[in-house]
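Structure first, commentary second.
The values are calculated or read from the model by the stated rules, or taken from the named source; none is laboratory data. Keep in mind the model is a prediction, meaning the values are calculated, not measured. Keep in mind that these areas ignore ligands, DNA and RNA; they rest on the heavy atoms of the full protein, side chains included. Shrake-Rupley method; radii C 1.70, N 1.55, O 1.52, S 1.80 Å.
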Amino acid sequence: MTDHDTGTAQRQHRPPDRPRRAADIVRHAVDGISAPAAFLVIESRRGPEWGAVVALLVALVIGVIRRRRGDPLTVVTVATAIVAFHSVSAIGFGEGRAFYFPELVINAAGLLACAVTLMIGRPVTEILCRRIGTEPAHTAHDPAARRRHRRLTAGWAVLWLSHLVLLGHLYAIDSLVGLTLLSALFCKPTVLAMAILTAVTVRRAVREHLAPPHRKDPS
């Protein structure tokens, strides 16, 4: 292999640089806000039914674009299904704020799952992390792992509760603009940040658990 080939291979396997990662984050943020923004604009002019239809069409178009970019089918399907759930809610209740009723349901379900699993001594973050493989089987009886997941699950419970309080207030006063901004600028970003924090915390702890104990050099 020549030096040129080696350099090419290194560039091909080099992880994405920070500007590219930042661009990806911005692109996903725009994708996430497009359907709710479309609903907000159309609902104010044509009512919740038309707003819901347009939001779903926007979500489908974005789904096609994301698939062409190479995003996983499961991720695209879930994102589109969530918008469909919101749209059906708005049509079913016949009011604009009902577009965000599913978010109340999701946050309430998340809070309930955290509370129940903490009470029975099996934190939901531990259950999910073991299912997806982030938390390995060999830490199943590790007290440190259980304490770690109790703290993480408690953090998730606080997050879900904060969402519920704010969403519930804006829902009660029928502030569709407020609900849209809260969902886009606070709820979704904080869920993403908490998911990243959970994954990083678990993986770091697992690495430390697997690392050989440090031996002091006798002198």
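Remarks
- Rounded percent of accessible protein surface that carbon and sulfur make up, segment 92-145, 1.4 Å probe: 70
- Per-residue ³J(HN,Hα) for segment 46-56, Karplus 6.51 cos²θ - 1.76 cosθ + 1.60, θ = phi - 60°, Hz, x for Gly and Pro: 10, x, x, 5, 5, x, 5, 5, 5, 4, 5
- Per residue, the accessible area of segment 65-170 comes to 55 Å² when a 1.4 Å probe rolls over the protein heavy atoms.
- Projected area averaged over orientations for segment 67-219, convex hull of C-alpha atoms, nm²: 13.3
- Accessible surface of ASP31 - all protein chains present, 1.4 Å probe, nearest 10 Å²: 30
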